[in-house]
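Asks: Can you keep this structure in mind? I'll have questions shortly.
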Amino acid sequence: MARPGVLDLLRRPLVVAPMAGGPSTSELVIAAAGAGAVGFLAAGYKTPAAMNEEIAAVRAGTAGPFGVNVFVPGTQSADAEAIGGYLGSLRASADAIGARLGEAAWDDDGYQEKVTSLLADPPPVVSFTFGCPPAEVIAALRKAGAVVAVTVTSPGEAAAAAAAGADALCVQGYEAGAHRGAFVNGDIAGRDYGLLSLIGEVAAVTGLPQIAAGGIMGPRQVDAVLAAGAVAAQCGTAFLRCPESGAHPVHKAALADPRYTTTALTRAFSGRWARGLVNEFVRSHADAPAAYPEINNATRPLRAAAAAAGDPEWMSLFAGQGYRAATDRPAGEIVEWLCPRPAR
């Protein structure tokens with residue numbers, strides 16, 4: 001039997017984004033599949049065993065196609081002094097809410113174990129963020145029967161993913177919520193592509209199918225990225241408030257709270273650029289160095305304590321541009337509203 005391509009899996013040209021840290025649940029992926037979209041589980045921050053449990057839950061709940069997203073590990077930060085100075089600036093905030101900072105430790109998020117498990121029993125789609133895996137990993141996943149997608153934020157990254165053998169690209173514009181999927185955690189100029197321009201520039205370097213992501217919050221925006229050349233729209237923030245989302249209730253409420261009026265890119269929470277609502281954490285700590293996942297691991301207890309206390313000012317309220325359009329309707333209804341027509 002021939003291995004399907006990404007276009008074969010799309011009953012509607014809509015993907016529900018992987019959202020690590022809680023929002024992506026098996027229930028959300030099952031609901032997406034039931035409505036004709038392709039939903040993604042987020043393996044990020046989970047153990048390989050927890051990832052496998054979620055895959056099993058999705059398979060028990062739907063026969064529809066779905067995906068699993070994996071973080072590609074980066075390099076360990078060499079600037080211990082900058083990390084130490086930043087953590088020192090956070091201690092008063094942690095003390096104020098009764099939390100202790102965690103260890104600023106590097107880890108690979110169980111990358112190799114997750115890849116090995118996915119090779120042994122692949123889902124229909126495997127996608128990667130924060131880098132492109134080696135060509136031999138992509139080839140092995142494809143041979144096992146999975147469609148392989150790579151998140152890219154620039155034409156150069158797109159060319160690299162194509163050369164490595166990817167089947168499709170998740171093309172992430174500057175408007176997207178949560179972490180930027182860039183291959184390098186740096187401050188390289190010219191990486192702030194808006195989604196529509198990025199679709200065109202990526203098409204100039206590769207003909208791979210593009211799944212467009214970044215601030216897509218309504219049906220007209222879905223139509224716009226399809227007209228620009230993408231084969232599907234990927235939406236995350238649009239589903240954050242739905243009942244099937246595992247986002248914390250305080251996070252869901254903040255998306256509709258009038259005191260939060262804008263989003264910004266920040267390294268404050270994790271040491272890697274990410275877009276979220278501008279709260280006190282973002283305003284007070286614009287000086288975070290590039291050190292992921294070290295800072296992410298260090299701030300996790302602070303953010304968890306804030307969530308437990310119901311305090312949104314010290315949580316990572318990740319969201320894309322246009323977040324105010326997010327609704328609390330069921331995921332299936334949101335899919336139908338965003339994309340009432342079948343795939344081309």
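The values are calculated or read from the model by the stated rules, or taken from the named source; none is laboratory data. Quick caveat: nothing in here was measured; it's all calculated off a predicted structure. Every residue, glycine as well, gets a Cβ built from its backbone with ideal geometry; the counts of neighbours run over all protein chains shown. Note: areas computed on protein heavy atoms with side chains; ligands, DNA, RNA excluded. Shrake-Rupley method; radii C 1.70, N 1.55, O 1.52, S 1.80 Å.
Asks: Counting just the residues of the range 101-144 that are farther than 10 Å from Val70 by Cα and among the charged types (D, E, K, R), which one comes out surrounded by the most Cβ atoms within 10 Å (Cβ to Cβ)?
Replies: Within the range 101-144, the match that is surrounded by the most Cβ atoms within 10 Å (Cβ to Cβ) is Arg142.
Asks: Provide a single number: the residues in the range 76-92 that are within 27 Å of the chain's Cα centre (by Cα) and under 22 Å from Glu313 (Cβ atoms).
Replies: 3
Asks: So the check is Cβ under 9 Å with 6+ separation or different chains; which pairs have a first residue in the range 1-24 that's surrounded by fewer than 21 Cβ atoms within 10 Å (Cβ to Cβ) and a second one that's at pLDDT below 95 and not aliphatic (A, V, I, L, M)?
Replies: Close Cβ pairs (under 9 Å, with a partner that is at pLDDT below 95 and not aliphatic (A, V, I, L, M)) amount to Leu7/Arg344; Arg11/Pro342.
Asks: Sticking with this one: Keeping to the range 70-115, report how many residues are closer than 26 Å to Val152 by Cα, in contact (Cβ under 8 Å) with a residue 60 or more places away in the chain and assigned to a helix (DSSP H, G or I).
Replies: Selection size over the range 70-115: 2.
Asks: Only one residue in Ala37, Ala43 is closer than 12 Å to Val335 by Cα and in contact with a helix residue (DSSP H, G or I) (Cβ under 6 Å, 6 or more places away or on another chain), so which one is that? First the steps, then the outcome.
Replies: Values: Ala43 fails: closer than 12 Å to Val335 by Cα.
One residue alone meets the criteria, Ala37.
Asks: Something else: Which residues, taken from the range 304-344, are farther than 17 Å from Leu255 by Cα, modelled with pLDDT of 95 or more and either aromatic (Phe, Trp, Tyr) or open to solvent by 40 Å² or more (accessible area, probe 1.4 Å) (or both)? Show your work before the answer.
Replies: Within the range 304-344, the subset farther than 17 Å from Leu255 by Cα is 304-305, 308-309, 332-333, 335-344.
Applying the additional criterion that residues be modelled with pLDDT of 95 or more yields 304-305, 308-309, 332-333, 335-338.
Ala304, Ala308, Ala309, Glu333, Glu336, Trp337, listed by residue number.
Asks: Pull up the range 203-226, narrow it to residues that are out of contact with any helix residue (DSSP H, G or I) (no Cβ under 9 Å at 6 or more places or on another chain) and open to solvent by 40 Å² or more (accessible area, probe 1.4 Å), then point me to the one that is nearest to Leu10 (Cα to Cα).
Replies: Applying the filter and picking the extreme gives Asp223.
Asks: Now for a separate question. Any residue at all in the range 44-51 that's surrounded by 19 or more Cβ atoms within 10 Å (Cβ to Cβ) and in a helix (DSSP H, G or I)?
Replies: For the range 44-51, residues surrounded by 19 or more Cβ atoms within 10 Å (Cβ to Cβ) and in a helix (DSSP H, G or I): present.
Asks: Among the numbered criteria (1) under 18 Å from the mean Cα position of the chain (by Cα); (2) surrounded by fewer than 21 Cβ atoms within 10 Å (Cβ to Cβ); (3) at pLDDT 95 or above, which one does Gly200 miss?
Replies: (1)
Asks: Here's a follow-up. Could you identify the single residue in Asp257, Asp192 that is modelled with pLDDT under 95 and assigned to a loop (DSSP other than H, G, I, E, B)? Step through it out loud before you land on a result.
Replies: Details: Asp257 fails: modelled with pLDDT under 95.
The match here is Asp192.
Asks: Would you check which residues across the range 64-122 are acidic (Asp, Glu) and in contact with a strand residue (DSSP E or B) (Cβ under 7 Å, 6 or more places away or on another chain) and list them?
Replies: Within the range 64-122, just Asp109 meets the criteria.
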